[in-house]
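**Q** Starting off with a structure, shown below.
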Amino acid sequence: MIYFCCLNQFLSFMQANEVFQLFTGIGATRIEPLNHSGLPKLFYVESTKGNFVLQENKLSEYTEIETLSSQMIRISRLLKAVYLETGSDYPQFVFNPNNAYFINDKNQLGWHLSECISGSLLNAKVANSQLAFELGKALGKFHKLGAASGAENYCTQPANFEKLSKAIEKLQKKTTSEANPFIEYANSKLPLIQAFEDSIRLGEIPARFSHNNIALHHFRLNSKANELVLTGLCAANKSSCLFDFGNLSIAIQGFSGGLNSFFDLQKFEQMLGGYFSETLAFLSIDETSNLGASTEFALVKELINAVNNEFYSETKSNTINEKNGAKLSNELYALCSDFDKKREEIEDLIEKLTLAHLRKQVLNLKSLL
């Protein structure tokens, strides 16, 4: 018998169970959604054969399911080999009966099935600073081990980097009075955003192995090593790792469990400390000095996405409910405004932690001499 979280998701669960049976030949005993936004569809599945994660991959015009599968499998194997050296584990993908790592459903959408490593699945609000530290550390380890394993050489997808500055300029041509404060705010950020984008385009900020799809549901707890492992490789590419850092910076502000109206400096500090514990040995000065800009970039990008979805979505009617139509836009605007108030504190914090970790590295080096 399959247990469902809510009846109105019955069809999605049945679809997931049908796809799961195509992989394993048996049905699921329990299915739960892992990302409640539904994009992409992601399910935790229990069965008599074990526990798994089932993910739908909506492919772009430049990525076929065979190409995507090949990339994901090769990177997964590389990361597993490096993780095993440290006593950790990394979830592997599962064959279908035809010895392929993917299945196309009746709608020709691609699906992958991966093992669920022992422990818990993280899919909730970041409730404390210690968890923020562990998230930062997991992201840092992913960047470090990805580079060490040569995983970036297997990234066949183009970097998904649409210029945010172009999106803001396009949005300026829209005319909805309720959206104007958000658009004016984004426009005020154009000089900083353009400078950040130019640094990446010119190579001043180096390209590294990047996840490119940071969300809390991609972090899994490996109980054997008592650490978080970052999964969800479908968008991995060679890009700036600052995009990942910025996206995680705002994920810990509550995107999976009720968005904060204030920027939580304590959680940011802990996340930054965890990230530096794995990465500061190879990050460049240009990267560390742009960590604040990467967070601001991510905030403004989410605000622009919310404004487009809530005011200008093609699937909505021309009239919007003014009370509910701009809920996320208002929440993000409040978060952006508080970030601005704390921007100087954030830059001081980044500088302080950078120096502290560098001193620690020097002391560790001296102790080896």
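**Q** Give the Rg/Rh ratio for region 152-263, taking Rg as the radius of gyration of the Cα atoms and Rh as the Kirkwood radius, to two decimals.
**A** With Rh from the inverse mean 1/r over Cα pairs, Rg/Rh is 1.03.
**Q** Hey, another quick one. Just to confirm a number: summing +1 for Lys and Arg and -1 for Asp and Glu over residues other than residue 344 whose beta-carbon lies under 14 angstrom from that of residue 344, what do you get?
**A** Counting the neighbours of residue 344, the net charge comes to -3.
**Q** A follow-up question, please. Could you calculate the FRET efficiency of residue 176 with residue 262 from 1/(1 + (r/R0)^6), where r is the beta carbon distance between them and R0 is 22 Å, rounded to 0.05?
**A** Here the calculated transfer efficiency is 0.25.
**Q** From the backbone phi of region 180-192, what are the Karplus-calculated ³J(HN,Hα) couplings (6.51 cos²θ - 1.76 cosθ + 1.60, θ = phi - 60°) in whole Hz, Gly and Pro given as x?
**A** In residue order, the calculated couplings are 4, x, 5, 5, 5, 5, 4, 4, 5, 8, 4, x, 5 Hz.
**Q** Another question about this same structure. What's the extension gain from residue 190 to residue 46 if we count 0.36 nm per residue and subtract their Cα-Cα distance?
**A** 47.1 nm
**Q** In nm, give the distance between the simple-model label positions of residue 100 and residue 21, each being 7 Å from the Cα along the Cα-to-Cβ direction.
**A** My value for the distance between the label points is 2.0 nm.
**Q** Could you tell me whether region 159-222 comes out rounded, prolate or oblate from its Cα gyration tensor? Rule is a ≥ b ≥ c as square roots of the eigenvalues, rounded for a/c under 1.5, then prolate if a/b exceeds b/c, otherwise oblate.
**A** Since a/c reaches 1.5 but b/c is at least a/b, the shape of region 159-222 is classed as oblate.
**Q** For region 182-233, state which trypsin sites (Lys or Arg not before Pro) are in a DSSP loop and have at most 12 other beta carbons lying within 10 Å of their beta carbon.
**A** Taking region 182-233 and a limit of 12 other Cβ atoms within 10 Å, the loop trypsin sites (Lys or Arg not before Pro) found are 224.
**Q** Still on this structure: Rounded to a whole number, what % of the accessible area of region 218-279 do carbon and sulfur atoms account for, probe 1.4 Å?
**A** Carbon and sulfur atoms account for 44 percent of the accessible area of region 218-279.
**Q** Step through the table entries 80/301; 49/301; 58/342; 163/342, compare each Cα-Cα distance with 30 Å, and write down the pairs that go over it.
**A** Beyond 30 Å between Cα atoms: 80/301; 49/301; 58/342.
**Q** When only the heavy atoms of the protein chains count and the probe is 1.4 Å, how do 30, 343, 74 rank by accessible area, highest first?
**A** 74, 30, 343
**Q** Which order do 244, 338 take when ranked by solvent-accessible area (1.4 Å probe, heavy atoms of all protein chains), largest first?
**A** 338, 244
**Q** Would you mind getting the accessible area per residue of region 188-258, heavy atoms of the protein chains only, 1.4 Å probe, in Å²?
**A** Per-residue accessible area for region 188-258 comes out at 31 Å².
**Q** How much length, in nm to one decimal, is gained on full extension between residue 29 and residue 66, taken as 0.36 nm per residue of separation minus their Cα-Cα distance?
**A** 10.4 nm
**Q** Same structure again: Using a Förster distance of 51 angstrom, determine the FRET efficiency expected from the C-beta separation of residue 130 and residue 169, and round it to 0.05.
**A** 0.80
The values are calculated or read from the model by the stated rules, or taken from the named source; none is laboratory data. These figures come from a predicted structure and were not determined experimentally. So basically every Cβ, Gly included, is an ideal-geometry build from the backbone, and we count neighbours across all protein chains shown. Keep in mind that these areas ignore ligands, DNA and RNA; they rest on the heavy atoms of the full protein, side chains included. Shrake-Rupley method; radii C 1.70, N 1.55, O 1.52, S 1.80 Å.
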